[in-house]
Amino acid sequence: MPWLTIIIALPLAGACAVGIGARLPMRARAVALAFALLELALTGYLAIARAAGPLTERLGSGGVWRLRLDGLALPLVALTAVLGAVAVLASWRVERAPAGHFALLLALTSAVMAVFLAADLVLFYVAWEAVLIPMYFLIGVWGHEHRRHAAMKFFLYTFAGSALMLVGLLLTIFAQSGSAMSAPARALPTGTQTLVFWLLAAGFLVKIPVLPLHTWLPDAHVEAPTAGSIMLAGVLLKMGGYGMLRLALPLAPHAFRAAAPVLAGLGIAGIVYGALMALAQTDLKRLVAYSSVSHMGFVVLAIAVATPAAIGAAMLGMVSHGLVAALLFLLVGQLYDRTHTREIARFGGLTAQLPRWGAVFTFAALASLGLPGLSGFPGELLTVLEGAGPYGAWMALPALGVVLAAAYNLYAVRRVNHGPLPDEWETLPDLGRLELAAAAPLAAGVVALGVWPALVLAVTGPVSAMLARVLGGA
Amino acid sequence: MLSLKEWLLLAPLLLSLAGALAGLVADAFLSPRTATRSAAVALAAAAGLFAYTAFSRAAVVGGVVLLGGVYAAVGAFVCALAALTLAAGESSLGSRPHGGQVAALVAFTTTASVVLLGAFDLTVFVVALELIALGGYALVASARTARAYEAAMKYFVQGAVATGLLVYGVAVLFGLSGGALGFDALGRALAAGAGKPAATVALVLMLSAVAFKLGAFPFHSWAPDAYETAPPSVAAFLASVPKVAALLATVLLLVGVFGGAPSQREPVWALLVAIIAAASIAFGNLAALRQESFRRMLAYSGIAQVGYALTGMSAGSRVQPFAVLVFGVFYALAAAGAFLAAEAVGEGEEWDGRIASLAGLGRRRPVLAASLAVCLLSLTGIPLTAGFWGKLLVFASASTTVLWLAIVGVVGSVVSFGYYGGVLRAVYLDETAEAPEPAPARVEEIPEGSPALAARSVGAMAADVPSERRRATWPVAVVAILVLVGGVAPLFFLRLFGG
């Protein structure tokens with residue numbers, strides 16, 4: 001069976017079913033959930049089946065439909081499947097045009113899957129851009145007050161990056177006279193590496209995002225509906241890191257080594273800047289958005305260090321951030337549904353009124369600050385340890401970032417969960433069963449990865465070693 | 001005398017010409033509606049016949065024009081597109097006096113376009129180009145408003161200058177080649193090095209003339225007025241069919257005549273075309289960003305689109321006519337769809353033509369809005385639409401030789417989402433209740449003869465959509481489906497055009 005094609009086609013079929021079924025009495029959300037769960041089951045099956053080695057697939061002879069599932073893609077594919085289902089649950093009560101909302105969500109899942117599974121440069125680019133359209137409409141139609149501005153900004157920033165990436169991909173296609181991606185990609189001639197590297201990096205670094213290119217992120221994350229924020233922070237940012245590892249590093253190892261200090265600097269700057277900005281926020285969702293900048297800074301730093309363990313740490317960091325950020329955005333969304341505000345100053349003492357919500361929020365904040373035993377810890381620790389090799393004392397700055405992370409997360413918990421409960425929130429209902437069900441898989445994943453990071457590290461191990469070898473041999 | 005096979009290749013061309021004549025006669029003796037219908041049917045039949053002859057090998061008919069093969073495939077495409085624009089404009093053309101003459105002109109101009117795209121002789125090239133221009137002047141004026149007459153006059157005066165340049169260029173070439181005007185003979189004479197400086201003069205003259213016809217910077221100034229004032233379905237035709245023909249003819253001219261011997265270094269025109277391309281992209285995009293009128297925005301963006309097409313041509317000796325052709329075809333499709341959407345929304349009747357007034361269209365006319373969205377995304381070059389593959393091919397062919405131009409092109413594409421996305425935003429994201437007041441300056445630009453429009457958005461209108469507007473929706477939907485098919489399964493299209 002062409003399982004990889006089915007993984008991409010299934011959510012798309014779901015999107016069509018939801019879209020067509022909009023006029024039928026059946027509920028769009030139930031259909032969407034069924035498809036998302038089926039996708040999750042299929043991904044789980046493939047994760048086990050893949051134990052025998054990477055899966056590849058090809059449709060037709062001259063076309064661009066080449067797919068591969070290997071250790072680099074699998075953790076992110078699994079993450080996408082989980083978050084796809086969580087996002088459907090998170091938007092269970094959406095009122096405005098629910099069929100359109102769920103159809104776009106499923107289409108988005110399909111496009112992201114295609115990005116991670118593509119083994120062809122043209123297909124990769126097509127999928128990369130295809131992600132933009134559902135996200136644009138999710139933010140623009142279902143978002144909050146400034147949604148139109150945020151949607152446009154999101155689209156233009158990422159489109160600008162990916163347009164330059166397209167030129168880089170075209171140069172690559174000509175240099176290797178074909179659009180197939182081998183694993184790892186063969187290095188380009190040394191003369192063209194620098195140009196191609198920076199063109200590709202333009203697309204990836206905007207998406208991650210690194211420091212000067214990050215300004216679309218707070219707007220988009222804050223204005224997006226909850227499901228949109230979950231997919232945006234949980235999965236879309238990972239496309240950038242994945243692209244660096246999948247394409248930029250192996251295609252241009254020389255240029256990558258030359259650029260590594262710059263990347264590391266950008267990563268460190270992102271860690272500290274994101275944390276400081278998070279500390280200064282008065283809007284809870286914006287705080288979570290800036291914490292994303294900080295956490296993705298660790299991923300960029302780990303990629304720049306690029307030892308086998310650091311690449312593993314980057315992958316671990318991406319999966320962990322995917323789970324933690326999704327959980328935080330889910331919780332903020334649930335709170336907003338009840339209070340219609342995100343202003344930290346208006347909250348307080350919520351644990352008394354919403355014990356379940358408060359408990360999960362505290363748990364998520366602890367995961368975000370990197371508490372040992374939860375998923376944030378191993379990735380960031382490994383990054384700092386590996387980074388100490390090439391960058392030595394500079395690693396004090398990411399360590400400072402961890403301290404700041406503790407500061408803004410605990411600040412948020414203290415202001416929101418503790419203290420006196422304002423009168424206006426005295427009748428808020430606590431989380432229902434469905435809302436807990438949405439949070440449960442994320443929390444379980446956070447604990448599992450924290451206790452047993454090998455879950456990701458073992459899968460990515462062979463690929464990390466291979467990539468590090470490519471870089472060493474350059 | 002032509003052989004039977006040559007007659008067969010010529011037959012669809014004669015059929016579209018017959019459609020034009022039928023339109024004229026029907027307009028005179030029957031009704032404008034019948035005239036429009038008969039011209040549309042004849043064009044559709046010509047498209048079918050072209051599609052049939054596309055399976056035979058391309059051949060030079062009568063020593064002057066290429067027909068069959070890929071030329072017939074493109075012929076089928078332009079005839080079908082022209083038929084679609086007539087179908088969309090059927091009710092508006094059919095309800096005005098002598099609207100059938102407009103349909104006849106469309107069929108005439110389509111015929112000239114097919115001749116132009118296969119022109120293999122300088123005389124045929126010039127005559128076909130001028131026939132298109134003549135048809136164009138009349139079509140722009142066909143709205144019969146003061147603004148339309150002004151736009152047509154502007155178009156005509158500038159076009160006359162371009163014609164002068166063109167004829168002068170032809171005269172120089174005629175002298176250089178010792179009297180030969182076939183592309184073959186001309187190419188051989190120039191490659192042999194006949195009169196280098198004079199050949200360059202001829203090149204610049206002809207390139208300027210062609211750039212005018214394409215609406216490339218700095219010969220673009222007629223385009224916005226023309227595309228804004230012509231009836232929407234006619235504008236859809238003008239922005240698509242003649243453009244494809246002129247693009248393909250330009251490539252054939254540059255490669256066939258000025259290509260030079262393969263051993264020589266890059267031809268002179270490569271740099272010239274690259275500069276025109278970059279200037280068109282920069283100017284068209286920046287100017288389009290400032291527009292409030294939907295069709296004026298499309299017109300300025302069309303200048304940028306011509307720039308992308310020229311980007312594909314500027315690869316010099318490594319130019320791939322195929323890339324330009326695919327880009328041109330996919331551009332024409334999406335541009336026609338966007339202009340036809342203006343017809344279907346009801347410009348001049350229910351809609352004042354401003355982008356902001358499209359607010360609420362997504363709710364009120366979901367099929368039309370989705371079709372328009374597909375066309376606009378295709379014009380932006382977003383994957384999964386046909387426009388992406390066109391841009392991919394032209395930028396790819398440029399990135400091997402003129403990388404800077406490819407980068408200008410992709411940056412231009414990003415900017416273009418600023419205005420194409422602006423329409424999407426109005427259609428889907430804007431609330432209808434807060435339709436803004438129109439700027440006073442724009443009010444005067446509403447075509448005369450149309451009832452004064454209250455400044456309100458399309459979505460705010462409570463009444464049912466008139467049935468003739470509903471009927472004008474299907475051509476847009478057909479275009480959108482083609483754009484999507486081209487985006488998802490490009491190989492099917494690419495093989496059609498000889499990939």
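Structure notes:
- Test result for B:S371, under 21 Å from B:L289 (Cα atoms), of a type in the set (S, T, N, Q) and either surrounded by fewer than 22 Cβ atoms within 10 Å (Cβ to Cβ) or away from chain A (no Cβ under 11 Å) (or both): no
- The number of residues in region A:108-130 that are facing chain B (nearest Cβ under 10 Å) and either charged (D, E, K, R) or touching a Cys at 6+ places or on another chain (Cβ under 9 Å) (or both) comes to 1.
- Selection over region A:449-474 of residues that are over 30 Å from A:R186 (Cα atoms) and surrounded by fewer than 16 Cβ atoms within 10 Å (Cβ to Cβ) gives a count of 2.
- Check on B:K154, within 18 Å of B:R295 (Cβ to Cβ) and either without any contact (Cβ under 8 Å) to a residue 24 or more places away in the chain or surrounded by fewer than 20 Cβ atoms within 10 Å (Cβ to Cβ) (or both): yes
- Residues satisfying the stated conditions in region B:20-36, i.e. under 20 Å from B:F50 (Cβ atoms) and surrounded by 19 or more Cβ atoms within 10 Å (Cβ to Cβ): B:A20, B:A22, B:G23
- Of the criteria (1) within 17 Å of A:L279 (Cβ to Cβ); (2) surrounded by fewer than 20 Cβ atoms within 10 Å (Cβ to Cβ); (3) at pLDDT below 90, which one A:A396 fails: (1)
- Region B:398-425, residues that are in contact with a Lys or Arg (Cβ under 7 Å, 6 or more places away or on another chain) and more than 7 Å from chain A (Cβ to nearest Cβ): B:T401
- Just one of the listed residues (B:L43, B:L13, B:L17) is modelled with pLDDT of 85 or more and either surrounded by fewer than 23 Cβ atoms within 10 Å (Cβ to Cβ) or among the aromatic types (F, W, Y) (or both), namely B:L17.
- Failed condition for B:L2, given (1) part of a loop (DSSP other than H, G, I, E, B); (2) aliphatic (A, V, I, L, M); (3) under 26 Å from B:Y137 (Cβ atoms): (3)
- Selection status of A:R66, surrounded by 22 or more Cβ atoms within 10 Å (Cβ to Cβ), over 23 Å from the mean Cα position of the chain (by Cα) and not small (G, A, S): yes
- Hits in region A:117-128 (condition: under 19 Å from A:Y157 (Cβ atoms) and under 16 Å from the mean Cα position of the chain (by Cα)): A:A127, A:W128
- Checking A:G240 against (1) free of Cβ contacts under 8 Å to residues at least 12 places away in the same chain; (2) touching a Lys or Arg at 6+ places or on another chain (Cβ under 8 Å), the condition it does not meet: (1)
- Of all the listed residues (A:A49, A:A78, A:A97, A:A114), the sole one being surrounded by 24 or more Cβ atoms within 10 Å (Cβ to Cβ) and either aliphatic (A, V, I, L, M) or modelled with pLDDT of 85 or more (or both) is A:A114.
- Number of residues in region A:131-186 that are out of contact with any Pro (no Cβ under 8 Å at 6 or more places or on another chain), without any contact (Cβ under 8 Å) to a residue 24 or more places away in the chain and more than 9 Å from every other protein chain (Cβ to nearest Cβ) equals 4.
- Listed conditions (1) more than 24 Å from the chain's Cα centre (by Cα); (2) surrounded by 17 or more Cβ atoms within 10 Å (Cβ to Cβ); (3) at pLDDT 85 or above are all met by B:L8, apart from (3).
- Identification of helices (runs of 4 or more DSSP H) wholly contained in region A:134-233 with 3 or more residues that are within 24 Å of A:L117 (Cβ to Cβ), modelled with pLDDT of 85 or more and out of contact with any Phe, Trp or Tyr (no Cβ under 9 Å at 6 or more places or on another chain) yields A:147-175, A:190-207.
The values are calculated or read from the model by the stated rules, or taken from the named source; none is laboratory data. Note that the coordinates shown come from a computational prediction; the quantities given were computed from them, not determined experimentally. Note that each Cβ is placed from the backbone with ideal geometry, even for glycine, and that neighbours are counted across all protein chains shown.
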